[in-house]
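Below are the structure tokens for one structure; questions will follow.
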Amino acid sequence: MNRNPFGVQNPEHVDSEYIARNFVEVLTDFPRLKEHGNTFVHGARGTGKSMLLRSLEPRVMILQDKAQKLRDLPFVAVHVPLRTADFGAPEFNRYKGYAVNAIGEHLLVMHVVLRVAQLLNSFREEISEVSATSFRRRFEELFDIAGGSIVEEPSPEPLHAKSPFWWVAHICERNIFEVRQFLVRQPFRSAEPDYVGALAGF
């Protein structure tokens, strides 16, 4: 199949091989992204901001022969896209004050942990079982302290028997969906129940 060389490819939807093959470091300020500290990347839509950020992902850097293994990289970059659909949805606009800020912060934390867990899961062969299990247990401990509950669905194979990183990502994804469902369904209720889910923070 021939791919149109002039076709528009959304950096959020292409794989690491595409990024490694097509990204060219032409910006003189590119090294600043690798420095410790906060950096704003500003530019019009389509100017390559997402491509720039995704070029720092571990899999891309390994494909570009900047390292052989995850442990050889100078840093581990995690790309966490925050779309309007996730945080600019109409259900957020119905709430004001501390409650929506607390729930919004929790959702942001869950999105970040989801992406970190997915990244680590893609490198699970390079990470010891002891470290992976420690990661999962620490997540479960903090999630419990934040008021979250982990319910394992019936399955022929216990879900927690899968990769610890996969398990953490699964919990985060499920929790994001549950919180969004709570917000979406509020207008259909005759009385507003208290939010009793997790409230993780930074």
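The values are calculated or read from the model by the stated rules, or taken from the named source; none is laboratory data. Just so you know, these numbers come straight off a predicted model, no measurement behind them. Quick reminder, even Gly has a Cβ in these numbers, built from the backbone with ideal geometry, and neighbours come from all protein chains shown. Ligands, DNA and RNA are excluded from the accessible area calculation, which covers all protein heavy atoms including side chains. Shrake-Rupley method; radii C 1.70, N 1.55, O 1.52, S 1.80 Å.
Would you mind finding the longest exposed-site-free stretch of the chain, with exposed GluC sites (Glu not before Pro) meaning DSSP loop and at most 16 other Cβ atoms within 10 Å?
With a cap of 16 other Cβ atoms within 10 Å, the longest stretch comes to 36-151.
For the range 40-46, take each phi angle, set θ = phi - 60°, evaluate the Karplus expression 6.51 cos²θ - 1.76 cosθ + 1.60, and give the result in whole Hz per residue in order, putting x for glycine and proline.
8, 10, 10, x, 5, 4, x
Right, here's the next one. What translational D, rounded to a whole number of µm²/s, comes out for the range 8-103 from Stokes-Einstein when the hydrodynamic radius is the Kirkwood one over Cα pairs, at 20 °C and 1.002 mPa s?
In µm²/s, the coefficient rounds to 136.
Put 128, 149 in order of accessible area, largest first, 1.4 Å probe: what do you get?
149, 128
Counting pairs on different chains as well as pairs 8 or more places apart, how many Lys pairs in the chain have Cα atoms under 27 Å apart?
Going through the chain pair by pair, I get 6.
As a test question: what accessible area, to the nearest 10 Å², does residue 76 have when a 1.4 Å probe is rolled over all protein chains in place?
Roughly 80 Å² of residue 76 is accessible to a 1.4 Å probe.
On a 1.4 Å probe surface of the protein chains, which of 41, 24 comes out largest in accessible area, and what is the full order?
Largest accessible area first, the list is 24, 41.
Run lengths n ≥ 4 of DSSP H only: what is the helix-derived mean residue ellipticity at 222 nm for the chain, with -39500 (n - 2.57) per run over all residues, to the nearest 500?
-14000 deg cm²/dmol
Turning to a different aspect of this structure: Residue 199 accessible area, nearest 10 Å², 1.4 Å probe?
80 Å²
In what sequence, largest accessible area first, do 150, 145, 176 appear using a 1.4 Å probe?
145, 150, 176
With N set to the residue count of the chain, report its C-alpha Rg divided by 2.2 N^0.38 Å to two decimal places.
Cα Rg divided by the expected 2.2 N^0.38 Å: 1.19.
Using each residue's phi in the range 180-190, evaluate 6.51 cos²θ - 1.76 cosθ + 1.60 at θ = phi - 60° and report the 3J(HN,Hα) Karplus result to the nearest Hz, with x for Gly and Pro.
Values, residue by residue: 4, 5, 4, 5, 5, 8, 4, x, 8, 9, 6 Hz.
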